[in-house]
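Asker: Quick one: the structure is below, questions incoming.
The values are calculated or read from the model by the stated rules, or taken from the named source; none is laboratory data. Worth saying up front: this structure is predicted, and the values here are computed from it rather than measured. Virtual Cβ from ideal backbone geometry, glycine too; neighbours counted across all protein chains shown. These area figures cover heavy atoms from the full protein model, side chains too; ligands, DNA and RNA do not enter into them. Shrake-Rupley method; radii C 1.70, N 1.55, O 1.52, S 1.80 Å.
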Amino acid sequence: MRTTRFGLSPAMGILMTALCLWSPPLSSQEQFDIVTAPRAQSANFSWAETYGKSPTRFTQEDWQKVIDATWGAGLPTQEKLRIFDAWFTEVDLNYGSFFNLDFDIFAFRDRYRPEIEAGVSRGRFAAIMNYFGYFLKDLHTYIFDVPVRNTPLAKGTPLLVVGQWGANQHFGALLTPLPDSTLLVYKTLPNHPLGLQPGDLVLGYDGELWKDLYPQLVQAQLPLLLNSVNGSTDESMAYYHLQAAGLNWHLFDTIDIVKYSSGDTLHFATRLLSGQRRTLWGSEQIGVPGVAWPDRSRDIRINWGVIDNSNIGYIYVTSWSFDAKFGIREKFRVAIDRLMHEIQADGIIMDFRFNTGGGALAVDGLKLLFDQVTPTVGFDKRTGTPNHFEMIPDPGRRESNLVIRPDPNNFYDKPIAVLIGPGSISAGELEAIRLSFQPRTRLFGKPAAGGNSGSDFLNLATNWFASRTSGPIYYVSNHEYLSHISLQPDEPVWFNRDDVARGIDTVAEAAIAWIKSETPTSVGAEQGSTPPATFELGQNYPNPFNPGTTVSYKLQESARVVMKIYNTVGQEIRTLVNSILPAGEHSVNWDGRDGAGQPVSSGLYLYQLQTGQGVQTNKMMLLR
């Protein structure tokens, strides 16, 4: 028996109605006359000069004419119908996230299949299919015409970019929404064409706020460029639209900016951005001193270390990809193992705010952190019948495989902070959920993406790409399905303008402060044995390192300085400095060799600075 249809929410009803407000079906002659490839626009293209008004004043019909003219007629109508019907059947029989969803696929079919049958352009058909996936509101579910989606972004091209994750080459700056839906610039490339700096605000375009513009563009049904996925909740979907404000400059003539330094509101011609092709990774992470962000352009997906002037470990994981070349599973295990046993970190921060998903690869690291066998979550999938809610266990994602089975010789009884946000995608959210079962874990940031489901890729047609969720994740304890439900932070915290302008990651700072508050004060510190102010020993950089590292230190007055390297059992490895030095800043390199010139093994080492006024010691990690 077919399931009862869902009713439309008021907002969805508006969008669905907007889908109907398209220009009349194209005659065969009109289809022939339309150009068959995107038009190259000059750098000086102006929407207002070309169409007589700002795109902020475009009607649905105005946009549709631009869309029709951009990509031409496309496939024959019968092939368009075949693709539509194949996608509808996949959704009807196999889409696995109807729980907590307010969308009627039958109403969609009944309304838009006749439109396709009457004749639509390539751009219009691409948009209908885009929004069929969009309304299903699951980040694993999308369908797009690849050449339309990959059309170069230039003024005059009616593509709506959704999301700012990954390698961005169109704007040269990264934005994050503030509570009032203005967009905070948190990172820029050097010499930005508009002079943008961290702390500036993007308001919108052509005198209109972006928070008011993007719903109009959705209603106008511009084809979508997902960068890289849909949101799975109303909150994450709105967030992806907001953060992509800068990537949509090609749809307008002027951009409106508020400068942090002066408070002035400035208006720039968007054509100034036409030559911007440099890459800037959208991660919503600013960085912490002492731990480098993984360079994804060099196929690095995970990096870790110790935050400067602390004993707090920090792990960036930007993907849980199965691809062996990344080595993510083993690198994560090694990071946990060394932070626990060699560095003996006071706490560990795991940053999943930008994580593009993959699989449950944290398993070996999680074993070290837990002390009890812990069932967490499981996956179900559709049965392939018309009943949208009939589920069976997913044999490819077994509940038993997601049980955390600890190493009996290990347990981390110190604070663990996990940083999450709308960029915690798929397994990026899954592994945060599993970590939340560790009793010392606390979550910081914003709600995650809500993409708690499995997925399958589909082959529907040449030059089309599609993915469809197979079924939802559930909690083992109560079998509650998590479709369209985001993992929530224990401590909601996000960026603010003042911190961003000073290069401070507000979320990371909150986690650091919490770990310090949970860390007992040492006896030495209680007795007031703080290092004398006459000299300062800095944290080595890089750390961890291979093969060499640099230690910096500062003397307030001239002094004899002795700096030595020790292993963790107190054996002297090498003397780096033994001389009288003047006041000022100094540095010394260590090449990872002992006094005899032989390379030392991987591990934790201590470097100690001694003057006549006292001794300071810090830790460093050598990784061969």
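Asker: Over the Cα atoms of segment 247-329, what is the Rg over Rh ratio if Rh follows Kirkwood?
Answerer: 1.13
Asker: Give Lys187/Lys564; Lys325/Lys367; Lys381/Lys414; Lys137/Lys187; Lys259/Lys325; Lys331/Lys619 a once-over and call out the pairs whose C-alpha atoms are over 31 Å from each other.
Answerer: Lys187/Lys564; Lys381/Lys414; Lys259/Lys325
Asker: How large is the dipole of the chain about the Cα centre if only Lys and Arg carry +1 and Asp and Glu carry -1, each at its Cβ, rounded to the nearest 20 debye?
Answerer: 1080
Asker: Here is a further query. Taking the 0 to 90 degree range and rounding to the nearest ten, how far is the long axis of helix 328-341 tilted relative to the main principal axis of the chain, both from C-alpha atoms?
Answerer: Around 30 degrees separate the two axes.
Asker: Which one of Thr383, Gln216, Asn540 has its Cα pushed farthest toward the positive end of the charge dipole of the chain, where Lys and Arg give +1 and Asp and Glu give -1 at the Cβ?
Answerer: Positive-most Cα among the choices belongs to Asn540.
Asker: Determine the share of segment 250-378's accessible area contributed by carbon and sulfur atoms, expressed in whole percent, with a 1.4 angstrom probe.
Answerer: 48
Asker: Still on this structure, please answer the following. Using DSSP to call loops (not H, G, I, E or B), can you name the trypsin sites (Lys or Arg not before Pro) in segment 365-412 whose Cβ has at most 14 other Cβ atoms within 10 angstrom?
Answerer: Counting only loop positions with at most 14 other Cβ atoms within 10 Å, the trypsin sites (Lys or Arg not before Pro) in segment 365-412 are Arg398.
Asker: What residues qualify as long-range amide H neighbours of Leu203, i.e. H under 5 Å apart, gap of 5 or more or another chain, H built at 1.01 Å from N?
Answerer: Asp256, Ile257, Val258
Asker: Leaving out ligands, DNA and RNA but keeping every protein chain, what accessible area does Tyr541 have, in Å² rounded to the nearest 10, with a 1.4 Å probe?
Answerer: Roll a 1.4 Å probe over it and Tyr541 shows about 130 Å².
Asker: What translational D, rounded to a whole number of µm²/s, comes out for the chain from Stokes-Einstein when the hydrodynamic radius is the Kirkwood one over Cα pairs, at 25 °C and 0.890 mPa s?
Answerer: 91
Asker: Hey, another quick one. Based only on Cα atoms, what Rg/Rh ratio does segment 167-233 have, Rh being taken as Kirkwood's radius?
Answerer: The Rg/Rh ratio comes out at 0.98.
Asker: When the convex hull of the Cα atoms of segment 405-472 is projected onto a plane and the area is averaged over all directions, what value comes out in nm²?
Answerer: The directionally averaged projection comes out at 6.6 nm².
Asker: Among 599-608, 165-174, how do they line up by average Cβ neighbours within 10 Å per residue, starting with the highest?
Answerer: Ranked by mean Cβ neighbours within 10 Å, highest first: 165-174, 599-608.
Asker: Which one of Leu273, Asn150, Tyr240 is farthest out on the positive end of the charge dipole of the chain, using unit charges on Cβ (Lys, Arg +1; Asp, Glu -1) and the Cα centre as origin?
Answerer: Highest projection toward the positive end goes to Asn150.
Asker: Let me ask you something else. Largest first, how would Asp180, Asp380, Asp85 line up by accessible area (1.4 Å probe)?
Answerer: The most accessible residue leads, giving Asp180, Asp85, Asp380.
Asker: So, for segment 352-398, what is the accessible surface per residue at a probe of 1.4 Å, expressed in square angstrom?
Answerer: 38
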